[in-house]
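The values are calculated or read from the model by the stated rules, or taken from the named source; none is laboratory data. Note that the structure is predicted; figures quoted are calculated from it, not measured. Here Cβ is always computed from backbone atoms with ideal geometry, including for glycine, and neighbour counts include all displayed protein chains. Note: accessible area is taken over every heavy atom of the protein model, side chains too, but ligands, DNA and RNA are not part of it. Shrake-Rupley method; radii C 1.70, N 1.55, O 1.52, S 1.80 Å.
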Amino acid sequence: MSDLTHLDAAGAARMVDVSGKAVTLREAVATGHIAMSPAALTAIRDGAAAKGDVLAVARIAGIMAAKKTAELIPLCHPLPLNRVAVDFAFDDTGITATATASTEGKTGVEMEAMTAVSVALLTIYDMAKAVDKAMTIGGVRLVSKTGGKSGDWRA
């Protein structure tokens, strides 16, 4: 019926059967951006946000979220993660978050990387909303993935 792997022949949602797939080293990198006012950006950069170290909390939130991806995304397989890293970069309009996730498994870690980025950005919003409620989150996307039957992919 469809090329979508999470649908069966009748179109019903299903968890993909990975039992026949080989265990390989897999890594995924995702990114996203939060745009904000100069005042919010300065408060975060200078460590002056009322709730504390925004980026430290956002980094931990992103890592924790990656570990919970299978609980948040209904058809994701729970994965033993080898590594999750969340990094931040400032620009003139806001902050870019980049997450890297890796595992040795039968399925990829793209969703874990994208979940880490999304929750890290949401945490930044939560911690800085007293300064700027108009912040916008966008551009969350997969940048690259390695390993698995489909091989490597880069945006």
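For every residue, the table says whether it meets (1) of a type in the set (Ser, Thr, Tyr); (2) touching a helix residue (DSSP H, G or I) at 6+ places or on another chain (Cβ under 7 Å); (3) surrounded by 12 or more Cβ atoms within 10 Å (Cβ to Cβ); (4) over 21 Å from Ala130 (Cα atoms).
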| position | (1), (2), (3), (4) |
| --- | --- |
| Asp3 | no, no, no, yes |
| Ala13 | no, no, no, yes |
| Val16 | no, no, yes, yes |
| Thr31 | yes, yes, yes, yes |
| Ser37 | yes, no, yes, no |
| Ile44 | no, yes, yes, no |
| Ala49 | no, yes, yes, no |
| Asp53 | no, no, yes, no |
| Ala66 | no, yes, yes, yes |
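The residues in segment 103-113 that are open to solvent by 20 Å² or more (accessible area, probe 1.4 Å) and either hydroxyl-bearing (Ser, Thr, Tyr) or closer than 15 Å to Ala58 by Cβ (or both) can be counted, and the count is 1.
For Asn82, the conditions (1) in contact with a helix residue (DSSP H, G or I) (Cβ under 7 Å, 6 or more places away or on another chain); (2) under 18 Å from Ala30 (Cα atoms); (3) not in a loop (DSSP other than H, G, I, E, B) all hold with the exception of (1). Is it fair to say Val86 is farther than 16 Å from Leu122 by Cα and either in contact with a His (Cβ under 8 Å, 6 or more places away or on another chain) or of a type outside the set (Gly, Ala, Ser) (or both)? It is false that Val86 is farther than 16 Å from Leu122 by Cα and either in contact with a His (Cβ under 8 Å, 6 or more places away or on another chain) or of a type outside the set (Gly, Ala, Ser) (or both). Screening Lys133 against (1) at pLDDT 95 or above; (2) in contact with a strand residue (DSSP E or B) (Cβ under 8 Å, 6 or more places away or on another chain) leaves a single unmet condition, (2).
Screening segment 8-74 for helices (runs of 4 or more DSSP H) wholly inside it with 3 or more residues that are farther than 30 Å from Thr103 by Cβ and in contact (Cβ under 8 Å) with a residue 24 or more places away in the chain returns the ranges 38-45.
What about Thr115, is it of a type in the set (Ser, Thr, Tyr) and in a loop (DSSP other than H, G, I, E, B)?
Details: of a type in the set (Ser, Thr, Tyr): yes; in a loop (DSSP other than H, G, I, E, B): no.
It is false that Thr115 is of a type in the set (Ser, Thr, Tyr) and in a loop (DSSP other than H, G, I, E, B).
Look at Thr136 and say whether it is farther than 18 Å from Ala66 by Cβ and either within 11 Å of the chain's Cα centre (by Cα) or surrounded by fewer than 19 Cβ atoms within 10 Å (Cβ to Cβ) (or both). The answer is yes for Thr136. Within the bounds of segment 114-126, is there any residue that is loosely packed, with under 15 Cβ neighbours inside 10 Å, β-branched (Val, Ile, Thr) and either over 25 Å from Val18 (Cβ atoms) or over 13 Å from the mean Cα position of the chain (by Cα) (or both)? No, because not a single residue in segment 114-126 is loosely packed, with under 15 Cβ neighbours inside 10 Å, β-branched (Val, Ile, Thr) and either over 25 Å from Val18 (Cβ atoms) or over 13 Å from the mean Cα position of the chain (by Cα) (or both).
Please verify whether Thr93 is in contact with a Cys (Cβ under 9 Å, 6 or more places away or on another chain) and surrounded by 13 or more Cβ atoms within 10 Å (Cβ to Cβ), treating the condition exactly as stated.
Working: in contact with a Cys (Cβ under 9 Å, 6 or more places away or on another chain): no; surrounded by 13 or more Cβ atoms within 10 Å (Cβ to Cβ): yes.
Against the criterion (in contact with a Cys (Cβ under 9 Å, 6 or more places away or on another chain) and surrounded by 13 or more Cβ atoms within 10 Å (Cβ to Cβ)), Thr93 does not qualify.
Going by what's in this entry, would Thr5 be described as assigned to a loop (DSSP other than H, G, I, E, B) and of a type in the set (Ser, Thr, Tyr)?
On the way: assigned to a loop (DSSP other than H, G, I, E, B): yes; of a type in the set (Ser, Thr, Tyr): yes.
Answer is yes for this residue.
Screening the candidates Thr100, Thr107 for the property of being of a type in the set (Val, Ile, Thr) and over 12 Å from the mean Cα position of the chain (by Cα) yields one hit, Thr107.
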